[in-house]
Amino acid sequence: MTTGSVTMPSARADTAFARAVPWTTLGGMPIAALDMTETAELMLSAAESRPRPNRPLFLTSVNGEVLSRVARDQAFARIMAQADLVSADGQSLVLASRCMGARALPERVATTDLFHIVAEGAIRRNLTFYLLGASEAENQRAVDNVRRLHPGLRIVGHSHGYLQGDALAERVRAIDALAPDILWLALGVPLEQRFVQEFAPLLPHVGIIKTSGGLFNFLSGSRTRAPNWMQRWSLEWLWRIKEEPSRLFWRYATTNPHAIFLMIARSRAVSGIRASLHRAIVSRISSFGRIP
């Protein structure tokens, strides 16, 4: 099935998990129209039931940076098109969906908040986590804090994300042997999506891979969230620039305007106008060849 400019592959359609998800499209990207609670429940149920044998489900998120990269990078777009669930991790997407989408997104599903809801549900259902990503010290602090915040949560393993070659291959084999229900993968865009493309086939005993961006930085306490009012008004990116100006200023300065352009240019209203103009032009050209 095709939605906007991104093809929704059969991978999404081959499980009840995918068929139960309502979708909308922004900037040519299909996005799940689920709220935080619905997303968490869907994750927990899928982790428990393992609807796709021999390969983990691939859950990821989209924000302005991802929307821009999908439009610019065909290889990255193909990976994103294989995701079983794409959640809106950007308040600007939620606001834009109210006037540009076929269906309004109910709320932002920030992975930083989603993690804690899923963790509490995992305790009740006796599900297991593995945390892969960030530096060794950052990863350890994140795990320590998670264990303190969610006593009883079964974290079967964790590792930093700076692995390559044989060490990475060995780590992947070790993760599969541990068979976590949910692998939280925090390598950043686009490394974590490329990891899924390369290694998901080698993780048949993992239930879900959830890409997580900078999640571990927040779990460890090295980064703080923007105030709620900034999150509500789609200004968290300004807060993050304040936190990491050298790394994030140019990224947001280039990708945010591009994402806004994509959401407008590929909206239903603009697409309708473009289609109407196309029909009018074709009709006009055709009339030139008619004999009066």
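Where a number appears in this text, it was derived from the coordinates with a stated rule and is not lab data. Keep in mind it's a predicted model, so treat the numbers as computed, not measured. Neighbour counts are summed over all protein chains in view; Cβ atoms, including those assigned to glycine, are modelled from backbone coordinates with ideal geometry.
Summary table
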read-out	value
Complete set of residues in region 49-64 that are surrounded by fewer than 22 Cβ atoms within 10 Å (Cβ to Cβ) and more than 25 Å from PRO204 (Cα to Cα)	none
Scan of region 39-53 for residues that are touching a residue at least 60 places away in the same chain (Cβ under 8 Å) and under 16 Å from the mean Cα position of the chain (by Cα), ordered by number	THR39, ALA40, MET43
Residues that are over 24 Å from PRO56 (Cα atoms), surrounded by 22 or more Cβ atoms within 10 Å (Cβ to Cβ) and among the aliphatic types (A, V, I, L, M), drawn from region 103-150	LEU105
Among the candidates ILE209, ILE182, residue that is touching a strand residue (DSSP E or B) at 6+ places or on another chain (Cβ under 6 Å), closer than 30 Å to ILE260 by Cα and either touching a residue at least 12 places away in the same chain (Cβ under 8 Å) or aromatic (Phe, Trp, Tyr) (or both)	ILE209
Filter pass, LEU26 being farther than 20 Å from ALA200 by Cα and buried (at least 24 other Cβ atoms within 10 Å of the Cβ)	yes
Odd one out for GLN82 among (1) within 22 Å of ALA20 (Cβ to Cβ); (2) in contact (Cβ under 8 Å) with a residue 60 or more places away in the chain; (3) not in a loop (DSSP other than H, G, I, E, B)	(3)
Selected residue [under 27 Å from HIS116 (Cβ atoms) and surrounded by 20 or more Cβ atoms within 10 Å (Cβ to Cβ)] from ALA46, ALA71	ALA46
Conditions (1) in contact (Cβ under 8 Å) with a residue 24 or more places away in the chain; (2) outside any loop (DSSP other than H, G, I, E, B); (3) surrounded by fewer than 19 Cβ atoms within 10 Å (Cβ to Cβ): number failed by ARG98	(1)
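Yes/no matrix, rows are residues, columns are (1) touching a Pro at 6+ places or on another chain (Cβ under 7 Å); (2) assigned to a helix (DSSP H, G or I):
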site	(1), (2)
THR39	no, yes
LEU42	no, yes
ARG52	no, no
ARG55	yes, no
SER61	no, no
ARG78	no, yes
